[in-house]
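Chemist: Let me give you the structure first, and then I'll get to my questions.
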Amino acid sequence: MDSKLLSRRALALGLSATPFALGAGLRAAADARPEAADAGGLAHGAAAIHQELSFAATPARVYRALTRSADFDAVTRLSDGAELLAAPGAKPTAIGAAAGDEFMLFGGYITGRHLELAPGARLVQAWRAGSWEPGEFSVVRFALEDAGGATRLVFDHRGFPDAQGPSLAYGWRVHYWEPLARFLAQR
């Protein structure tokens, strides 16, 4: 008889907790939904940046500019990050060609490793800034789509340290997108 009483008690407790658990689950699901991004592309509900851009070049050309050392070095020299290339102890721009290969940008301030390479279509990287704690990496994803001779680039950056979002969103614009557009317009 005690086991039936205990089962009824467990059932009653379980049923009484259901509304609270359901409410918590719905709140967690709502918190996990991506928030609308502001004008800089920074999502305010999570450590994420989402930006969409258009470049007057083919996806293959944009991909090459992001993945070839000489091309990206030229992009860097068109940005206000060019001084990092001449800083004491600066390292040359180096970008590996295969998944798993490392890259070093902006005089060595930005480093990481390619996670996925799909020429002309997608680039995914483990990415970090030199000011971050050792071993701290984020993930960046560049998706390239043909837009009739131009390229639509959909960019996502996730997992960066707290409070870095506004600076990173700004940095992508001034250190990557604006000089990349100037570089692509030169040829």
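Chemist: Could you list, in sequence order, the residues of segment 112-170 that are among the aliphatic types (A, V, I, L, M) and touching an Asp or Glu at 6+ places or on another chain (Cβ under 6 Å)?
Modeler: Val124, Val154
Chemist: Is it the case that Ala143 is among the aliphatic types (A, V, I, L, M), in contact (Cβ under 8 Å) with a residue 40 or more places away in the chain and either outside the structural domain of Thr67 (by TED's automatic domain parsing) or surrounded by 14 or more Cβ atoms within 10 Å (Cβ to Cβ) (or both)?
Modeler: For Ala143, the condition - among the aliphatic types (A, V, I, L, M), in contact (Cβ under 8 Å) with a residue 40 or more places away in the chain and either outside the structural domain of Thr67 (by TED's automatic domain parsing) or surrounded by 14 or more Cβ atoms within 10 Å (Cβ to Cβ) (or both) - is not met.
Chemist: Let me ask something additional. Among the residues of segment 82-90, is there at least one that is within 23 Å of Val154 (Cα to Cα) and either buried (at least 19 other Cβ atoms within 10 Å of the Cβ) or among the small types (Gly, Ala, Ser) (or both)?
Modeler: Within segment 82-90 (the criterion being within 23 Å of Val154 (Cα to Cα) and either buried (at least 19 other Cβ atoms within 10 Å of the Cβ) or among the small types (Gly, Ala, Ser) (or both)), the answer is no, since none of the residues qualifies.
Chemist: Within segment 164-172, is even one residue surrounded by 15 or more Cβ atoms within 10 Å (Cβ to Cβ), of a type outside the set (Asp, Glu), out of contact with any helix residue (DSSP H, G or I) (no Cβ under 6 Å at 6 or more places or on another chain) and in a strand (DSSP E or B)?
Modeler: There is no residue in segment 164-172 that is surrounded by 15 or more Cβ atoms within 10 Å (Cβ to Cβ), of a type outside the set (Asp, Glu), out of contact with any helix residue (DSSP H, G or I) (no Cβ under 6 Å at 6 or more places or on another chain) and in a strand (DSSP E or B).
Chemist: Quick check, is Arg152 surrounded by fewer than 20 Cβ atoms within 10 Å (Cβ to Cβ), in contact with a strand residue (DSSP E or B) (Cβ under 6 Å, 6 or more places away or on another chain) and not in a loop (DSSP other than H, G, I, E, B)?
Modeler: yes
Chemist: A further question follows. From Trp132, Trp127, which residue is among the aromatic types (Phe, Trp, Tyr) and closer than 18 Å to His50 by Cβ?
Modeler: Going through Trp132, Trp127 in turn, just one is among the aromatic types (Phe, Trp, Tyr) and closer than 18 Å to His50 by Cβ: Trp127.
Chemist: Just wondering, is there one or more residues in segment 157-165 that are charged (D, E, K, R), out of contact with any Gly (no Cβ under 7 Å at 6 or more places or on another chain) and over 26 Å from Gly100 (Cα atoms)? Show your work before the answer.
Modeler: We begin by selecting, within segment 157-165, every residue charged (D, E, K, R); these are 158, 162.
Retained after the next criterion (residues that are out of contact with any Gly (no Cβ under 7 Å at 6 or more places or on another chain)): 158, 162.
This time we only want the ones that are over 26 Å from Gly100 (Cα atoms), so: 162.
Yes, some residue in segment 157-165 is charged (D, E, K, R), out of contact with any Gly (no Cβ under 7 Å at 6 or more places or on another chain) and over 26 Å from Gly100 (Cα atoms).
Chemist: Give me a count of the residues in segment 105-119 that are surrounded by fewer than 18 Cβ atoms within 10 Å (Cβ to Cβ) and part of a strand (DSSP E or B).
Modeler: Looking only at that region, the number is 4.
Chemist: Among the residues of segment 120-130, is there at least one that is closer than 20 Å to Ala70 by Cβ, assigned to a strand (DSSP E or B) and aliphatic (A, V, I, L, M)?
Modeler: Yes; the residues of segment 120-130 include at least one that is closer than 20 Å to Ala70 by Cβ, assigned to a strand (DSSP E or B) and aliphatic (A, V, I, L, M).
The values are calculated or read from the model by the stated rules, or taken from the named source; none is laboratory data. Predicted model, so just to flag it, every value in this text is computed and none were measured. In this analysis, Cβ positions are derived from the backbone assuming ideal geometry, glycine residues included, and neighbour counts consider all displayed protein chains.
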